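Quick one: the structure is below, and I'll ask about it shortly.
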Amino acid sequence: MEPDLNALAVFALVAEERNFRAAADRLGVTRSAVSQTIRRLEETLGIALVQRTTRSVSLTEAGERLHAEVAPAIADMRAALDGTEALRGRPRGLLRLAVSSIAEHFLSGRFLADFADANPEVQLDITVTDAEFDIVAAGYDAGVRLGEVIEQDMIAVPIAGEERQLAVCAPDFRARFGVPSHPSELASFRCIGWRPAPNVVPYRWEFADGGKEFSVAVAPEITTNDMALMIKLAVAGAGITFGMEASFRPAIARGELVAILEDYCPCFAGFYLYYPSRRNVAPKLRALIEHLRRRA
């Protein structure tokens, strides 16, 4: 059977997006064209690859297996094309990035605006997400995460120096309710927690005492996946919250929040831009790496 490489590429996009319309938009074709391509591929292979409903698209067992096999190959083909383009030396094309929502330095408007201004032929497509997934299989060029969660087979470039997490509250909250003297006392205080996604248990707050790391499950009264909302609620006196110091720094500088339990909040390796180890880095990604190193 002669493989239809175009159909496999379309299938890979559908598998990445889990949506025919989104895949069609990335390809610049109609939704029906994508659907017909997938149907022809299924007929050629003699097995269903995609389960369609009116609201969602999911992969069958055969579809999952095929995607696991073809995604790395397609990523390699994209890299080969990028490597060929590299001979022309000009950064251009779509640069897809998956970035942690708390990577404040990278997501600052000035950093990205300056990169876009210096590279007018590069189109940035940034997905802000705290989900952990294989960026290569999902079709991203690079990602930004804390160094401790990046896979060992990735190339990682530091974005800034060390980071730390802080527990904070409003001065009014401290005056009314006091604050814990040790993280183990947090269970007795109103807390605002974070979770990465629905139906996921809230994040356990991480501390260290005498060099020994430990975590605390605070049973928050309010939980959200949005750091901006956590800050607003803390400023309004809704409770103690916990997150990256960089996220709280503006509110602390304005006197709207105060840091607590600082003796138990150690520094750790910060955020990194990471990408697959390949011989040829595309000019668009190389331009971002160089921009990052100049600004670090």
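Identify, please: which residue in region 226-280 is assigned to a helix (DSSP H, G or I) and under 19 Å from the mean Cα position of the chain (by Cα) and is, among those, surrounded by the fewest Cβ atoms within 10 Å (Cβ to Cβ)?
So, considering only residues that are assigned to a helix (DSSP H, G or I) and under 19 Å from the mean Cα position of the chain (by Cα), the one surrounded by the fewest Cβ atoms within 10 Å (Cβ to Cβ) is A228.
Filter region 261-296 for residues that are under 30 Å from E185 (Cβ atoms) and either among the acidic types (D, E) or touching a Cys at 6+ places or on another chain (Cβ under 6 Å) (or both) and give the result.
E262, D263
Results for (1) among the hydroxyl-bearing types (S, T, Y); (2) more than 30 Å from P158 (Cβ to Cβ); (3) in the same structural domain as L97 (by the TED database), shown as yes or no for each residue.
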site	(1), (2), (3)
P180	no, yes, no
C191	no, yes, no
P202	no, no, no
L229	no, no, no
G239	no, yes, no
G243	no, no, no
P250	no, no, no
Y274	yes, no, yes
P283	no, no, yes
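From the list T84, T44, T37, T53, exactly one residue is open to solvent by 40 Å² or more (accessible area, probe 1.4 Å), of a type in the set (S, T, Y) and modelled with pLDDT of 80 or more. Which is it?
So the residue among T84, T44, T37, T53 that is open to solvent by 40 Å² or more (accessible area, probe 1.4 Å), of a type in the set (S, T, Y) and modelled with pLDDT of 80 or more is T44.
Still on this structure: Pick out, from region 1-61, the helices (runs of 4 or more DSSP H) lying fully within it that include 3 or more residues that are touching a Cys at 6+ places or on another chain (Cβ under 9 Å).
By residue number, no helices (runs of 4 or more DSSP H) qualify.
Restricted to region 7-41, and to residues that are within 23 Å of the chain's Cα centre (by Cα) and basic (K, R), which residue is nearest to D134 (Cα to Cα)?
Within region 7-41, the match that is nearest to D134 (Cα to Cα) is R18.
Now a separate question. Of the residues that sit in region 87-109 and are at pLDDT 85 or above and more than 27 Å from A228 (Cβ to Cβ), which one is most open to solvent (accessible area, probe 1.4 Å)?
Of everything passing the filter in region 87-109, L94 is most open to solvent (accessible area, probe 1.4 Å).
The values are calculated or read from the model by the stated rules, or taken from the named source; none is laboratory data. Since the model is a prediction, treat every value here as computed from it, not as a measurement. Neighbour counts are summed over all protein chains in view; Cβ atoms, including those assigned to glycine, are modelled from backbone coordinates with ideal geometry. Please note that ligands, DNA and RNA were not included when accessible areas were found on the heavy atoms of the full protein model with its side chains. Shrake-Rupley method; radii C 1.70, N 1.55, O 1.52, S 1.80 Å.
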